[in-house]
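Heads up, the thing below is written out as structure tokens.
The values are calculated or read from the model by the stated rules, or taken from the named source; none is laboratory data. The model shown is predicted, which means the values in this text are computed figures rather than measured ones. Here Cβ is always computed from backbone atoms with ideal geometry, including for glycine, and neighbour counts include all displayed protein chains. With ligands, DNA and RNA removed, areas are computed over all heavy atoms of the protein, side chains included. Shrake-Rupley method; radii C 1.70, N 1.55, O 1.52, S 1.80 Å.
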Amino acid sequence: MSSTAAVTAAIERVPVEICKGMNGLEKVVLREARGSSAEVYLYGGHITSWKNDHGEELLFAIFKPPKPIRGGIPICFPQFSNHGFLEQHGFARNRFWSIDTNPPPFPTNSSTKTFVDLILKPIEEDMKIWPHSFEFRLRVTLGPSGDLMLTSRIRNTNTDGKPFTFTFAYHTYFSVSDISEVRVEGLETLDYLDSLQNKQRFTEQGDAITFESEVDKIYLSTPTKIAILDHEKKRTFVIRKDGLPDAVVWNPWDKKAKAMADFGDDDYKHMLCVEAAAVEKPITLKPGEEWRGRQELSAVPSSYCSGQLDPQRVLLGGRN
């Protein structure tokens, strides 16, 4: 069976379509029966769209060819930001991934068939700057209720007996109505590293995180569930994560937005990055060892309580 036939056979079982996207790049479109959808480009293993069953875009992404796609969910590996000697956020987001037609079993709680498995292995160029052999498997799953799940499995396949170390993040850009109307629940009272102050360590004050200026923080030892409350849209994003102890919160605000060539002057008002990550304590894998990191995103209607959105119902009360 040819490689193309194998790919076709592998995805016939699921509501998945391979088609051409921006600049002729191949993308995979996942659709759920109730109307939700997601798109992931083979270039970068980069999720560029996640829509609910009303067709509303839940991620923030900018397409301005010939510049790279800004937004969505880039994969930061084997380095987050400038925490190391590689290019910003590592090289995985700038490589072509393949569809993995025969992945090892993924332990999963869901019986959904709306998923695609991607795989990335190092090319010669990677080995020159990061001399380690690895297999990075990414499963992108769209759940029956429109939840978007990303499961990464990274294995050390070195034959020289050497371990390797990496940092990681799902660099998720959420679409919000107005950044000044948004609050993040679940990170209050935690320690964080402030990237705007030379990564100095501070403790978060206040009942929730709100936004009045540029923010670039790495929260440490975070809970497995974080909520983003959008007052204007009466929508709450819920992030559930596993294997990713940190959470990055980023918004460039006005001055930095104007200085970014691929960013509109006012785009900062309509986006917020909250990223499941492993940054403070890098992950080390010995040959043959595998790491697993999972992020699940949900968008649920928010209820009002005493004039404010009620985060506790989301954070503590499951999916309702």
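Just a few scattered comments:
- For Asp191, distant residues with modelled amide H under 5 Å away: Glu204, Leu220
- For the options Ala92, Ala227, Ala208, a Gaussian network treatment of the chain with springs between C-alpha atoms closer than 10 Å singles out Ala208 as fluctuating the most.
- Mean accessible surface per residue for the chain, computed with a 1.4 Å probe while every protein chain stays in place, in Å²: 45 Å²
- Highest-first packing order for the peptide set 97-104, 16-23 is 97-104, 16-23, based on the mean count of other beta carbon atoms within 10 Å.
- Whole-Hz couplings from phi, Karplus 6.51/-1.76/1.60, listed for the range 242-259; x for Gly and Pro: 8, x, 10, x, 9, 9, 9, 10, 9, 8, x, 6, 6, 5, 5, 4, 5, 8
- In units of the compact-protein estimate 2.2 N^0.38 Å, the range 160-233 shows a Cα radius of gyration of 1.34.
- In sequence order, calculated HN-Hα J values of the range 286-291 (Karplus, 6.51, -1.76, 1.60; Hz; x Gly/Pro): 7, x, x, 7, 10, 10
- Alpha-carbon gyration tensor eigenvalues x 5, square-rooted, for the range 229-292, Å: 31, 18, 8
- When you restrict to C-alpha pairs under 8 Å that are six or more residues apart and normalise by the size of the chain, the relative contact order lands at 16 percent.
- Amide H within-cut-off set for Ala61, under 5 Å, with H built and near neighbours excluded: Gly72
- Kirkwood Rh and Cα Rg combined as Rg/Rh, the range 3-316: 0.95
- Taking the protein heavy atoms of the range 3-316 in the context of the full set of protein chains, the accessible area attributed to carbon and sulfur is 47 percent at 1.4 Å.
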